[in-house]
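Chemist: Take a look at the following structure, please.
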Amino acid sequence: MQIEQPKRRETHLGTVAWYAALCGGALLAAQTALAGTDGLTVRFAASFALTLVAVLVASRGRRAEREPAPDPVALVLGAVAGLSVFAVAWWGMDLADHLLRQNVGTLPGPRLLSRHADRLLGADLRAASYEIAVLASVVLIPWAQSWLLWGLLRRELAARFGAERGVWLAGLAGGCVLALSASQQVEPSLPSGLASLPGYLLVGAVAAWAATLSRSCWAGFAAQSAFAYASLALRDDLLRAMVGRDYGDPAWLTVIVLGVFGAAVALQVIRFRAEPVAPQAEISGRRRGVWLAIAFLAVSVIALAVVDLVRRG
């Protein structure tokens, strides 16, 4: 598979990885602290603000590395790839939750904002909670996260580890950040907690590859945004259709095979449409800063697991 190769540049390559890792830790701390409070909008605002600050600080001095204008066809194909893995991701998340329920316990029921106040600066936003959730989860937060994860971080990891290894690392790290940023114990919102990690890792991989093959983080944004909207709009329909079915049932296996196939085709079309780029050598140098940042992100994921297991216990 021929993919984008980064240009050679001299820079401290651990910097963006650390900003992404610190952003993930800060997002987990903020969402955990706000988990028992009214106000989904406050949680969305915290996720967006923390991510945007990390992006703005990490992008200082990198004006020459801004993403090119998005290809409209690549945007559509990225969205198709993200939508294709929607059911696959939810199969993995629902299976993970099922195993956790059997072996650890069940999470407390989420707060329903249709019954509780969603307050921001004294204003009751409960009537518009779903619209706010769509705006934040589908547009604003994915935009900031895509700039950081599928743009800056992806290019930096590709420059350090090579294009293919870099994109897989970006998908892995990005999926962890998505899980850490999710609002906890409230509806409507995207899935959160330890059980959500398999789905976000899959979405992270698809978004990272879409951005790499199109040479623009906007295709990654389209993939992540499409998954987020489907999770808000179609999740109940999907789980209602699959209720009572075993996870190896042909119905589940069919949507998994079709979803993976659809995402693979969309990514291949993006690759075929892109102009080939002559391979270039990766930047040599010490990788300690990047690995330390990844280790910090792993510690944050462990903290997320501990919080989730304590709630289930």
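Chemist: State the number of residues belonging to region 214-258 that are free of Cβ contacts under 8 Å to residues at least 60 places away in the same chain, small (Gly, Ala, Ser) and either at positive phi or not in a helix (DSSP H, G or I) (or both).
Modeler: Qualifying residue count, region 214-258: 2.
Chemist: Condition first: within 17 Å of Gln268 (Cβ to Cβ), surrounded by 24 or more Cβ atoms within 10 Å (Cβ to Cβ) and without any contact (Cβ under 8 Å) to a residue 60 or more places away in the chain. Now tell me which residues in region 172-208 satisfy that.
Modeler: So the first thing to find is which residues in region 172-208 are within 17 Å of Gln268 (Cβ to Cβ), and the list is 205-208.
Filter again for surrounded by 24 or more Cβ atoms within 10 Å (Cβ to Cβ), leaving 206-208.
Correct list: Ala208 only.
Chemist: Going by the structure shown, is Leu135 modelled with pLDDT of 95 or more, surrounded by fewer than 23 Cβ atoms within 10 Å (Cβ to Cβ) and assigned to a helix (DSSP H, G or I)? Reasoning before the result, please.
Modeler: Details: modelled with pLDDT of 95 or more: no; surrounded by fewer than 23 Cβ atoms within 10 Å (Cβ to Cβ): yes; assigned to a helix (DSSP H, G or I): yes.
Taking the combined requirement at face value, the residue does not satisfy it.
Chemist: Among (1) at pLDDT 95 or above; (2) surrounded by 24 or more Cβ atoms within 10 Å (Cβ to Cβ), which single condition is Ala228 missing?
Modeler: (2)
Chemist: Another one. Tell me which of these Leu157 doesn't satisfy, since it passes every other one: (1) out of contact with any Leu (no Cβ under 7 Å at 6 or more places or on another chain); (2) on the phi < 0 side of the Ramachandran plot; (3) not β-branched (Val, Ile, Thr).
Modeler: The one condition Leu157 does not meet is (1).
Chemist: Within region 80-110, count every residue that is outside any loop (DSSP other than H, G, I, E, B), in contact (Cβ under 8 Å) with a residue 24 or more places away in the chain and not aliphatic (A, V, I, L, M).
Modeler: Number satisfying all stated conditions: 10.
Chemist: State all residues of region 1-42 that are over 18 Å from Ala182 (Cα atoms), at pLDDT 90 or above and surrounded by fewer than 20 Cβ atoms within 10 Å (Cβ to Cβ); if no residue qualifies, say none.
Modeler: Trp18
Chemist: Right, next: Looking at region 43-61 only, could you name the residues that are over 16 Å from the mean Cα position of the chain (by Cα), in contact (Cβ under 8 Å) with a residue 40 or more places away in the chain and farther than 10 Å from Ser183 by Cα?
Modeler: Within region 43-61, Ala45, Ala58, Ser59 meet the criteria.
Chemist: May I pose another question? In region 95-115, which residue that is buried (at least 16 other Cβ atoms within 10 Å of the Cβ) and not hydrophobic (A, V, I, L, M, F, W, C) is modelled with the lowest pLDDT?
Modeler: My answer is Arg111.
Chemist: Sticking with this one: Inspect region 218-239 for any residue being in contact with a helix residue (DSSP H, G or I) (Cβ under 9 Å, 6 or more places away or on another chain) and farther than 22 Å from Ser146 by Cβ and give the result as yes or no.
Modeler: Filtering region 218-239 down to residues in contact with a helix residue (DSSP H, G or I) (Cβ under 9 Å, 6 or more places away or on another chain) leaves 218-235, 238-239.
Those still in the list that are farther than 22 Å from Ser146 by Cβ too: 238-239.
Yes, that holds for at least one residue.
Chemist: Take the residues in region 62-79 that are in contact with a helix residue (DSSP H, G or I) (Cβ under 8 Å, 6 or more places away or on another chain), over 25 Å from Phe44 (Cα atoms) and in a helix (DSSP H, G or I), then tell me which one is modelled with the lowest pLDDT.
Modeler: In this case the residue turns out to be Glu65.
Chemist: Continuing with this model, one more query. Residue under question is Arg160, and the condition is that it be assigned to a helix (DSSP H, G or I), in contact with a helix residue (DSSP H, G or I) (Cβ under 9 Å, 6 or more places away or on another chain) and without any contact (Cβ under 8 Å) to a residue 12 or more places away in the chain; does it hold? Quick ask: steps written out before the conclusion?
Modeler: Working: assigned to a helix (DSSP H, G or I): yes; in contact with a helix residue (DSSP H, G or I) (Cβ under 9 Å, 6 or more places away or on another chain): yes; without any contact (Cβ under 8 Å) to a residue 12 or more places away in the chain: no.
So Arg160 fails the test.
Chemist: Hey, another quick one. Could you say which residue among Gly92, Gly82 is in contact with a Leu (Cβ under 7 Å, 6 or more places away or on another chain) and either buried (at least 17 other Cβ atoms within 10 Å of the Cβ) or modelled with pLDDT of 95 or more (or both)?
Modeler: Numbers: Gly82 fails: in contact with a Leu (Cβ under 7 Å, 6 or more places away or on another chain).
Among Gly92, Gly82, only Gly92 is in contact with a Leu (Cβ under 7 Å, 6 or more places away or on another chain) and either buried (at least 17 other Cβ atoms within 10 Å of the Cβ) or modelled with pLDDT of 95 or more (or both).
The values are calculated or read from the model by the stated rules, or taken from the named source; none is laboratory data. None of the values given here were measured: they were computed from a predicted structure. No Cβ is skipped: glycine too gets one built from the backbone with ideal geometry, and neighbour counts run over all protein chains shown.
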